[in-house]
Amino acid sequence: MKGGIAVLSQAKALHFHQAGHEVTVVACCENATEAAAYDARQPYRTVRFNGRFPWRELLILPTVYREIRRFQPDVCWSALWYPAGVAVSYCAGPGVVQSVSTYGSEIFISYADWKLRLKAAMGFWRRRVFRHCEVIFALSRYTYEKVRELGAPAEKLSIVRGGVARSWFDLQKQPDRPGHPILLTV
């Protein structure tokens, strides 16, 4: 899947690997051929499962269970509390450090559409993830406060802001764009 959280997750996996840690990534995909080609270029092992709704929600639990038993990690970091953090909270045994990252929209309580209404009704599982995690990463001070309002203990929370690769802004590596204006929004 593509998006900001996916980009940050891939960067974290790569940096953990470069720091000398053995890394296995469990991720969903909608196009197995594209995913296999992408995974082949990564220096760590990736295990994929069907990312289409509702298969993603049904397949993540057995996939995470199987990989935790096979890989026997010291740490399980979930990019999102749902569905990954929920699956890890049921599958990781004692002695496995659990952590989760929070960004924004996935932790805001909203009734704007059916997906957000569903997540709003999943307070039990969100609290379960927070209870099982030793560390909960918030992307910003604002997200930190929102996660606290949802019941995460302050002693487990840590603010870790997202970053980007410097190469994304290296204009010398983009010869087809010399002299063109650049618009940056934040």
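The values are calculated or read from the model by the stated rules, or taken from the named source; none is laboratory data. Note that this is a predicted model, so its numbers are computed, not measured. Note that each Cβ is placed from the backbone with ideal geometry, even for glycine, and that neighbours are counted across all protein chains shown. Please note that ligands, DNA and RNA were not included when accessible areas were found on the heavy atoms of the full protein model with its side chains. Shrake-Rupley method; radii C 1.70, N 1.55, O 1.52, S 1.80 Å.
Can you list the equivalent-ellipsoid semi-axes of region 92-144, largest first and in whole Å, using the square root of 5 times each Cα gyration tensor eigenvalue? Could you put the intermediate results ahead of the total?
Values: eigenvalues 103, 44, 10 Å².
Rounded to whole Å, the semi-axes are 23, 15, 7.
Given contacts defined as C-alpha pairs under 8 Å and at least six residues apart, what's the relative contact order of the chain, whole-number percent? Could you put the intermediate results ahead of the total?
Values: 218 pairs, mean separation 25.0, N = 186.
In percent, rounded to a whole number, it is 13.
Calculate how steeply helix 55-71 sits against the longest principal axis of the alpha-carbon atoms of the chain, using the helix alpha-carbon long axis, and give the answer as 0 to 90 degrees to the nearest 10.
Roughly 90 degrees between the two axes.
So who's got an amide H within less than 5 Å of the one on residue 133, skipping anything under 5 residues away but keeping other chains? H placed 1.01 Å off N, in plane.
Correct list: empty.
Enumerate by residue number the GluC sites (Glu not before Pro) in region 63-172 meeting two conditions: DSSP loop (anything except H, G, I, E, B), and at most 15 other Cβ atoms within 10 Å of the site's Cβ. Please list the in-between numbers first.
Numbers: sites: 67, 106, 134, 145, 149, 155; in loops: 134.
Loop-located and lightly packed - 134.
Please work out the average accessible area per residue across the chain, using the 1.4 Å probe convention, and give it in Å². Let's see the in-between values first.
Working: 11960 Å² over 186 residues.
Solvent-accessible surface per residue comes out at 64 Å².
Would you work out what percent of the accessible area of region 40-140, with all protein chains in place, is carbon or sulfur (probe 1.4 Å)? All intermediate terms of the calculation are to be shown ahead of the outcome.
Details: 3230 of 5410 Å².
Here it works out to 60 percent.
Tell me, what is the percent relative contact order of region 66-115, built from C-alpha pairs under 8 Å that lie six or more residues apart?
Numbers: 42 pairs, mean separation 19.0, N = 50.
That works out to 38 percent.
So what is the diffusion coefficient of region 75-170 in µm² per second by Stokes-Einstein at 20 °C and 1.002 mPa s, using a Kirkwood Rh over Cα pairs?
Details: Rh = 13.9 Å.
The estimated diffusion coefficient comes to 154 µm²/s.
Taking the chain, how many lysine pairs are there with alpha carbons less than 23 Å apart, if each pair must be eight or more places apart or span two chains?
For the chain, the number of qualifying lysine pairs is 9.
Quick one: plug the Kirkwood hydrodynamic radius of region 22-116 (C-alpha pairs) into Stokes-Einstein at 25 °C, 0.890 mPa s, and report D in µm²/s.
On the way: Rh = 14.4 Å.
Rounded, D is 170 µm²/s.
Given the rule -39500 (n - 2.57) for each run of at least 4 DSSP H residues, summed and divided by the residues of the chain, what is its mean residue ellipticity at 222 nm, to the nearest 500 deg cm²/dmol? Intermediate values should be presented prior to the final figure.
Values: 7 runs with 73 residues, N = 186.
The helix-only estimate for the chain comes to -11500 deg cm²/dmol at 222 nm.
Counting pairs of Cα atoms in the chain, how many percent are more than 19 Å apart?
Numbers: 10986 of 17205 pairs.
Everything past 19 Å amounts to 64 percent.
Starting from the 7 Å offset along Cα-to-Cβ, what nm value, one decimal, do you get for the label separation of residue 45 and residue 142?
About 4.0 nm separates the two model spin labels.
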